[in-house]
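Take a look at the structure below.
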Amino acid sequence: EDLDSLEDRPPVLTIMGHVDHGKTTLLDYIRTSKVVASEAGGITQGIGAYVVPVPIDGKLQTCVFLDTPGHEAFGAMRARGARVTDIAIIVVAADDGIRPQTNEAIAHAKAAGVPIVIAINKIDRDGANPDRVMEELASIGLMPESWGGDVPVVQVSALKGDNVDELLETVMLVAELQDLKANPHRSAKGTVIEAGLDKFKGPVATFIVQNGTLKKGDIIVSGAASGKVRALFDEKGNLVDQAGPSIPVQVIGLDNVPIAGDEFEVVSSLDAAREKAEACAES
Ligand code: GTP
Ligand code: NA
Ligand code: MG
């Protein structure tokens, strides 16, 4: 690796926690969007990936947020979200406390070796008891910084936006310590975060690029799926020419649906891609 080509890359921040503790609402506030209102049954069912310019100290900094579901059925998505992230933001509702999927999310973050920032949410609610959540955190070994430990904890209201700026500043401080770099000048590698079959587009995959830059026309392989990138779309569905480090992008051109969680890479020729894909399909 040519160290001179390493450049700063945006942090990837995954929001995890128990069902309905306010993950998507938090992201809606940060993005000034209204995803929650449009969700069937109010339940997130997939990983959402968003590129967000976040104002930090008066400057806009690009951050990539992954929203994960809290429903217990979607543990694999939480695990995947933890594996591709730089920091796990664990949301805990102040009126509900630490619940099974809170613990599960914390375990995924620890297994992935990523730092944890806790957002105690819904502090605007009548039944909110943030001090009890602090005690619960301490009791499972996540000692809050304000109690002399090393876990940053910020009390927020995702609905009203209270202290969300403080949460973002806290997260960015942790990200700065990580000194996140990648080489945008080489061929792309990364992870499949979602994949499926679209009626019109065929196999569709959302990749998160972890190193290099993915471009239209690149030959890609992921597990038993391979092909040439026919089109790239950003999260809003806009056609884009390329996606650099940390950036999520929807890809069409694969001959099969890849497996979410698998890696992808760019190779030099379609023959090389097919060879790799066939070797994978046989093993
Ligand atoms: P899943 O993705 O299904 O796990 O849920 P989630 O964690 O994304 O929670 P979501 O954002 O869907 O919010 C669940 C409910 O809590 C919604 O009705 C929100 O309006 C409400 N809610 C979220 N944050 C707050 C908050 O800070 N205060 C109050 N009062 N309500 C909130
Ligand atoms: Na919900
Ligand atoms: Mg949600």
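Normalised size of segment 120-197, defined as Cα radius of gyration per 2.2 N^0.38 Å with N residues, equals 1.53. The antiparallel fraction among DSSP beta bridges confined to segment 1-120 stands at about 40%. The three principal axes of the Cα atoms in segment 1-85 give end-to-end lengths of 49, 31, 16 Å, sorted in falling order. On a per residue basis, the convex hull of the C-alpha atoms belonging to segment 189-266 measures out at 70 Å³.
Could you please rank Phe65, Phe233, placing first whichever residue has the fewest other Cβ atoms within 10 Å of its Cβ? List each step's numbers first, then the result.
Working: Phe65 24, Phe233 17.
In increasing order of surrounding Cβ atoms, one gets Phe233, Phe65.
Taking Glu166, Glu176, Glu263 in turn, the Gaussian network model of the chain (Cα-Cα springs below 10 Å) assigns the largest fluctuation to Glu176.
Determine how many Å³ per residue the convex hull of the Cα atoms of segment 1-152 encloses.
On the way: hull volume 22.3 nm³, N = 152.
Cα convex hull per residue, to the nearest whole number: 146 Å³.
The residues Ile43, Ile106, Ile89, when put in order of fewest to most other Cβ atoms within 10 Å, stand as Ile43, Ile106, Ile89. Working from Cα pairs under 8 Å separated by at least six residues, relative contact order for the chain is 17 percent. Looking at the chain only, what percent of DSSP beta bridges run antiparallel? Nearest 5 please. Antiparallel bridges: around 70 percent, rounded to the nearest 5.
Thinking of segment 76-217 as a set of Cα atoms, what percent of all their pairs are more than 27 Å apart? Each step should come with its number before you reach the end.
Working: 3338 of 10011 pairs.
Cα-Cα pairs in segment 76-217 separated by more than 27 Å: 33 percent.
Derived from the Cα gyration tensor, the three semi-axes of the equivalent ellipsoid of segment 45-104 are 24, 15, 9 Å, largest first. By the Cα gyration tensor, segment 81-152 has an equivalent ellipsoid whose semi-axes, rounded to whole angstrom, run 20, 14, 10 from largest to smallest. For segment 144-283, what value does the Rg/Rh ratio take when both radii are computed over Cα atoms and Rh is the Kirkwood radius, given to two decimals? Value, to two decimals: 1.12. Considering only alpha-carbon pairs that sit under 8 angstrom and 6 or more positions apart, the relative contact order computed for segment 23-64 is 27 percent.
Using the Kirkwood radius built from alpha carbon pairs, what does the Stokes-Einstein equation give as D for segment 226-274 at 4 °C and 1.567 mPa s, in µm² per second? For the chosen part, D equals 108 µm²/s.
Sum -39500 (n - 2.57) across every DSSP H segment of at least 4 residues in the chain, then divide by the residue count to get the 222 nm mean residue ellipticity, nearest 500. Before the final figure, lay out each step's value.
Numbers: 7 runs with 73 residues, N = 283.
Computed mean residue ellipticity for the chain: -7500 deg cm²/dmol.
Among Ala138, Ala158, Ala243, the largest mean-square fluctuation in a Gaussian network model of the chain (Cα springs under 10 Å) belongs to Ala138. The length gained on full extension between Lys181 and Met143, counted as 0.36 nm times the residue separation minus their Cα-Cα distance, comes to 10.8 nm. Taking the fewest neighbouring Cβ atoms within 10 Å as the starting point, the ordered list for Val174, Val84 is Val174, Val84.
Output the direction-averaged projected area (hull surface divided by four) of the convex hull of the alpha-carbon atoms of the chain, in nm².
On the way: hull surface 63.8 nm².
Projected over every direction and averaged, the Cα hull of the chain covers 15.9 nm².
So which of Lys110/Lys236; Lys23/Lys236; Lys34/Lys216; Lys189/Lys228; Lys189/Lys215; Lys23/Lys199 end up more than 22 Å apart by C-alpha? Numbers along the way, then the final one.
Values: Lys110/Lys236 32 Å; Lys23/Lys236 20 Å; Lys34/Lys216 31 Å; Lys189/Lys228 14 Å; Lys189/Lys215 11 Å; Lys23/Lys199 30 Å.
With Cα atoms farther than 22 Å apart: Lys110/Lys236; Lys34/Lys216; Lys23/Lys199.
Laboratory data are not the source of any read-out in this text; all were calculated from the coordinates shown. Because the structure is predicted, anything quoted here is derived from the model rather than measured. Here Cβ is always computed from backbone atoms with ideal geometry, including for glycine, and neighbour counts include all displayed protein chains.
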